[in-house]
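Following: one structure in structure tokens, then a few remarks.
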Amino acid sequence: MNLYTSWENLVAEVTGLGWYTPAEVPAFSFYSEEEEKAIALGTATEIHIPYKYKEVDYLWDGDVYLRQSDGRPHVDAETGATLSAVNVIVQYAPAPVVSNEGHLDIDFFAGGSGLLFQKGQAREIRWQQRDAHAPLVYTYADSGEAVRLVPGKTFVNVVPDALTVTYPVAETEGKVTEMEEAAAKRLLAAALAARENAYAPYSRYRVGAAAQAADGRIFSGVNVENASYGLGLCAERAALSAAVAAGARQFTALAVVGGGAEPLVPCGACRQWLTEFSPDMWVVMGNLAGKFQIRRAGDLLPIAFSKDSLGREGKDGCF
């Protein structure tokens, strides 16, 4: 949603319509100059938002986040300068599609999760707005305290909660990933919901999967068994097949969940399928207890058979 007017014109218009109701809005808290200098540079220097109508990125240049749209600098039409900000807020919100043209009904009063990026640091936040007359409040997810901003420009990006914003984070013990934990859990939740429809009358072992395409769409799949055991289909391949049938060819992540004490890992055949489409995609592997781990598809199958292995790329029209 973009607003192409000035604050003065907006106030004049709503006043004429009888909508203008002055109210006290709590001010944001800001870091002091000394506190800002003390913020160490983090690894979240590249932020990717896969909106369905365009890809948006923020790149940290050492001083500010520079905004890109579909891989190109997003510039001010008058000055030619690239749009920039020192604070980037991601506000996840329910946004169901309500028309054939793809219009979204964004719920701005549901409250939810989000992210705050500053100097390469990323923190999970919560947002809340009780009604149209209440202020929008951002708090840190871990402490519940009001967020503090770096003095300067701030971009607020309202992102449908079905999408996943990605960024690089530091490697920590037990968590080797550039995929935010909240995003991984959302995709696992989609896989867990799909698992209810698994067809496993022989093994009684139900598996659910959810694949996220590069454009943000999520496709679910379940394991489908057969009396002729060898004809069974794994949940991961079912999810990818559904995605391919809908036109998807590139993927950012896939989650798979099943029973067991440890997170369920894809079989060899499924790893081959994953690397066929996107060797760099994240694979989120979970169990019913909520335990999960994340790896790149290429790391799960480091020496994969690919089209390059055939030695005949382009000769028969298949590639």
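Worth a mention:
- Pairs, first aromatic (Phe, Trp, Tyr) in the range 82-100, second outside any strand (DSSP E or B), C-beta under 6 Å, six or more apart: Tyr92/Asp161
- Residue satisfying all of: in the range 67-107; β-branched (Val, Ile, Thr) and farther than 30 Å from Glu36 by Cα; surrounded by the most Cβ atoms within 10 Å (Cβ to Cβ) among these: Ile106
- Candidate set from the range 67-87 (those that are among the aliphatic types (A, V, I, L, M) and assigned to a strand (DSSP E or B)); member that is modelled with the lowest pLDDT: Val75
- Any hit, the range 69-76, residues being within 21 Å of the chain's Cα centre (by Cα), closer than 15 Å to Gly120 by Cβ and of a type outside the set (Lys, Arg): no
- One residue stands out among those in the range 139-148 that are assigned to a strand (DSSP E or B) and touching a residue at least 60 places away in the same chain (Cβ under 8 Å): the one that is farthest from Gly112 (Cα to Cα), which is Arg148.
- Only one of Leu136, Leu163 that is of a type in the set (A, V, I, L, M, F, W, C) and buried (at least 16 other Cβ atoms within 10 Å of the Cβ): Leu163
- Residue list for the range 201-232, restricted to those being surrounded by 21 or more Cβ atoms within 10 Å (Cβ to Cβ), touching a Phe, Trp or Tyr at 6+ places or on another chain (Cβ under 8 Å) and assigned to a strand (DSSP E or B): Ala210, Ala211, Gln212, Ala213, Val222
- Subset of the range 50-66 that is in a loop (DSSP other than H, G, I, E, B) and under 18 Å from the mean Cα position of the chain (by Cα) - its residue that is surrounded by the most Cβ atoms within 10 Å (Cβ to Cβ): Pro50
The values are calculated or read from the model by the stated rules, or taken from the named source; none is laboratory data. From a predicted model like this one, the values you see are computed outputs, not experimental measurements. Glycine also receives a Cβ, built like all others from the backbone with ideal geometry; neighbour counts cover every protein chain displayed.
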